[in-house]
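The values are calculated or read from the model by the stated rules, or taken from the named source; none is laboratory data. All values reported here derive from a predicted model rather than from experimental measurement. Counting neighbours? That spans all protein chains shown, and the Cβs are built from the backbone with ideal geometry, glycine included. Heavy atoms of the whole protein, side chains included, go into the accessibility calculation; ligands, DNA and RNA do not. Shrake-Rupley method; radii C 1.70, N 1.55, O 1.52, S 1.80 Å.
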Amino acid sequence: FAPTNYMGRTIPSVHVNSALPIADGEFDFDVAIIGCGVGGHGAALHSRAQGLSTGVFAGGDVGGTCVNRGCVPSKALLAASGRVREMKNSHHLESLGIEVEGEVKFSRQGIADHAKNLANRVKGNLENSLVGLGCDVIEGRGMLTGKPHEVKDSSTGKIYTAKDIILAPGSIPFVPPGVEVDEKTVYTSDGALELQYVPEWVAIIGSGYIGLEFSDVYTALGSEVTFIEALPNIMPTFDREIAKQAERLLIRDRPIDYRTGVFAAEVTPGIPGEKPVTIKMIDANTKEHVETIEVDAAMVATGRVPNTKDMGLEDMGIETQRGFVAVNEKMQVLTKHEDGEVIPNVYCIGDANGKMMLAHAASAQGISAIENIAGREHIVDHNAIPAACFTHPEISMVGPTEEQAIEMAGKEGWTLGKSQGSFRANSKALAEGEGNGMAKVLFKKETGHVVAVHIIGLHAADLIQECANAVAAGTTVQELSMMVHTHPTLSEVMDEAFKSAAGVGGGH
Ligand SMILES: Cc1cc2nc3c(=O)[nH]c(=O)nc-3n(C[C@H](O)[C@H](O)[C@H](O)COP(=O)(O)OP(=O)(O)OC[C@H]3O[C@@H](n4cnc5c(N)ncnc54)[C@H](O)[C@@H]3O)c2cc1C
Ligand SMILES: NC(=O)c1ccc[n+]([C@@H]2O[C@H](COP(=O)([O-])OP(=O)(O)OC[C@H]3O[C@@H](n4cnc5c(N)ncnc54)[C@H](O)[C@@H]3O)[C@@H](O)[C@H]2O)c1
């Protein structure tokens, strides 16, 4: 058996680097990790790869949010429902010369099972990899005792010692005050991923990543969606130009409407098929009642909060802010957010430190913490971490939005350059009948360095990787414009944008 990480990548077998400072029997473990989501798991694997003895407090939840209640099952729902959308789009299929006879049917339970089975399979792989690589898995929840180097298993009371401790407790859904969640008719992503039923009309509170991805799933399966968004714009955290395109491609042509600038102030669960869910909305500024709607279901997608309660943080002198643990660039825990001091031998990675709530960021921070523990100074470049929203078509980005980049350029005294690539003239996109979308590259005119890239279009989530690597490596648009892209591929959308930025003609 070959141990794999959460991406399914095979982990090389352990080789002990004898140059490293390994605990000499003074402690139970070189490294103790509290929480085994993708952050904790990534740290554990890298810790073993350094030959460090590693204890993981898994809290009975190996894989954490990403594997059990996040990335993995949501992408399974998106894949299955995306196929349904495609097969129901007879107009699109006809343009490719395909005719589907009869009605396209799907089994709700079948799709739900696909998501659950996939999550279980990935979780199983992670469990095997921990054991296979020789990590000690402690089933209980871990907490700090207030004494250096100690972690207590809160279910058995047993105390373990470790030279270094990594906190990786992740996050849980944020439910705004006034919203009553029963996880049946009013639910967070935890309940939604079970796809217990496909509501005829569902209100989605919050139009961030989770809300958008679920609007894609629900509308593909036949639901009507109403977004309720507190900020003045729909999709407020995305680049404005991309959000406008997204509104055209992901909202306007679908049975979706929205209210912006309003809070869902009171949400009362219903009974499926009998009593509707009631949502009272108030104006986000004046707090006056605006409207009350009755829907079949409501999904609460209003962000996530750190899962840092009952971990003994206070006893260790750690002051959190809304539950977030302050860390420095090396992931070392600080006593507080402003001017905090380093707490020796304690690190915090992943959603709980609030730097970037993404699975690959959590894992990268875990690896980085281990590098620092192993005595090789390492800092994660968060500016170069890409993100993607897996709607159809996808949205992806690395770096700041254009609005933020304009502000940065003004403050830091450089000139912002902007270039675009289009899916409209791309042979591969047209062969797929998917010519909608754009890519924009933001760069420093003086040096050609890439500052940010935003893409909406077919397989945008894969296209962003080249751009993230460019940001990380400091590659210029001039260099990128001379790198040869395969024809015919979607990567030529980026080729067009790089060439246009560098003033290079040609391309396909
Ligand atoms: C619906 C949804 C879809 C998502 N899709 C994506 C996506 O496509 N791409 C992406 O990059 N990100 C996605 N995310 C975000 C991603 O899941 C998180 O950023 C990621 O899981 C964070 O990893 P983590 O290890 O910090 O925390 P978590 O995955 O939350 O893991 C923390 C673990 O620690 C455990 N724990 C907590 N306290 C203790 C304790 N005291 N002792 C022992 N164990 C403890 C928890 O039970 C949990 O198992 C999604 C999130 C959601 C909700
Ligand atoms: N594909 C991905 O990478 C992916 C997918 C899902 C989730 N995630 C991660 O999970 C985290 C949580 O996602 P999310 O979509 O819940 O959060 P989010 O922060 O992306 O969006 C939350 C939205 O809810 C709005 N909101 C907050 N309170 C409200 C209220 N009372 N009434 C109306 N609107 C309100 C906010 O203005 C915001 O637009 C994100 O940080 C994201 O990084 C990532």
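Of note:
- The one condition in (1) over 29 Å from M311 (Cα atoms); (2) surrounded by fewer than 18 Cβ atoms within 10 Å (Cβ to Cβ); (3) among the hydrophobic types (A, V, I, L, M, F, W, C) that F174 fails to fulfil: (1)
- In the range 226-271, the residues that are in contact (Cβ under 8 Å) with a residue 12 or more places away in the chain, part of a helix (DSSP H, G or I) and of a type in the set (G, A, S): A246
- Matching residues, the range 32-63, being more than 8 Å from ligand 1 (Cβ to nearest atom) and part of a strand (DSSP E or B): A32, I33, T54, G55, V56
- A count restricted to the range 205-220 and to residues that are within 11 Å of ligand 2 (Cβ to nearest atom) and either hydrophobic (A, V, I, L, M, F, W, C) or free of Cβ contacts under 8 Å to residues at least 40 places away in the same chain (or both) stands at 4.
- Every condition in (1) open to solvent by 10 Å² or more (accessible area, probe 1.4 Å); (2) farther than 30 Å from M316 by Cβ; (3) at pLDDT 95 or above is met by P169 except one, and the failing one is (2).
- Scanning the range 225-236 finds one or more residues that are surrounded by fewer than 20 Cβ atoms within 10 Å (Cβ to Cβ), more than 14 Å from C389 (Cα to Cα) and among the hydroxyl-bearing types (S, T, Y).
- The listed residues are Y197, Y160, and the only one of them that is away from ligand 2 (no atom under 16 Å from the Cβ), of a type outside the set (A, V, I, L, M, F, W, C), open to solvent by less than 60 Å² (accessible area, probe 1.4 Å) and modelled with pLDDT under 95 turns out to be Y197.
- Number of the exception - V131 against (1) at pLDDT below 95; (2) open to solvent by less than 40 Å² (accessible area, probe 1.4 Å): (2)
- A473 vs. criteria open to solvent by less than 70 Å² (accessible area, probe 1.4 Å) and modelled with pLDDT of 95 or more: no
- A search for C-beta distances below 8 Å between a residue of the range 335-359 that is within 18 Å of I165 (Cα to Cα) and any residue that is open to solvent by less than 70 Å² (accessible area, probe 1.4 Å) and of a type in the set (F, W, Y), counting only pairs 6+ apart in sequence or on different chains, returns A352/F324; N353/F324.
- Among the conditions (1) within 14 Å of ligand 2 (Cβ to nearest atom); (2) farther than 22 Å from S81 by Cα, F227 misses just one, which is (2).
- Only one entry of A473, A468, A384, A452 meets the criterion of being within 25 Å of K330 (Cα to Cα) and free of Cβ contacts under 8 Å to residues at least 12 places away in the same chain, and that entry is A473.
- Strands (runs of 3 or more DSSP E) fully within the range 407-482 that include at least 3 residues being of a type in the set (V, I, T): 450-457.
- Residue, most open to solvent (accessible area, probe 1.4 Å), within the range 200-224, restricted to residues that are among the polar types (S, T, N, Q) and more than 16 Å from ligand 1 (Cβ to nearest atom): T219
- Helices (runs of 4 or more DSSP H) enclosed by the range 70-144 - at least 1 residues per element that are among the β-branched types (V, I, T) and in contact (Cβ under 8 Å) with a residue 12 or more places away in the chain: 71-88, 108-132
- Of the candidates K287, K275, K280, the single residue that is on the phi > 0 side of the Ramachandran plot and over 25 Å from the mean Cα position of the chain (by Cα) is K287.
- Whichever residue in the range 179-237 is touching a helix residue (DSSP H, G or I) at 6+ places or on another chain (Cβ under 9 Å) and aromatic (F, W, Y) and, among such residues, is nearest to Q109 (Cα to Cα): Y197
- Verdict on Y197 being touching a residue at least 12 places away in the same chain (Cβ under 8 Å), more than 14 Å from ligand 1 (Cβ to nearest atom) and not basic (K, R): yes
- Scanning the range 273-325 for residues that are more than 16 Å from ligand 2 (Cβ to nearest atom), part of a loop (DSSP other than H, G, I, E, B) and over 22 Å from K152 (Cα atoms) yields G273, E274, P276, D296.
- Test: residue in the range 22-44 that is at pLDDT below 55 and either open to solvent by less than 50 Å² (accessible area, probe 1.4 Å) or over 23 Å from N68 (Cβ atoms) (or both): yes
- If only residues of the range 237-266 that are open to solvent by less than 60 Å² (accessible area, probe 1.4 Å), in contact with a Lys or Arg (Cβ under 9 Å, 6 or more places away or on another chain) and near ligand 2 (Cβ under 9 Å from one of its atoms) are counted, the one that is farthest from A298 (Cα to Cα) is A265.
- Lone qualifier among H459, H454, H508, H485 - being at pLDDT below 95 and touching an Asp or Glu at 6+ places or on another chain (Cβ under 7 Å): H508
- As for the range 404-414, it holds no residue that is more than 30 Å from G97 (Cβ to Cβ) and touching a residue at least 60 places away in the same chain (Cβ under 8 Å).
- The range 330-381 - residue that is within 16 Å of ligand 2 (Cβ to nearest atom) and among the charged types (D, E, K, R) and, of those, most open to solvent (accessible area, probe 1.4 Å): K355
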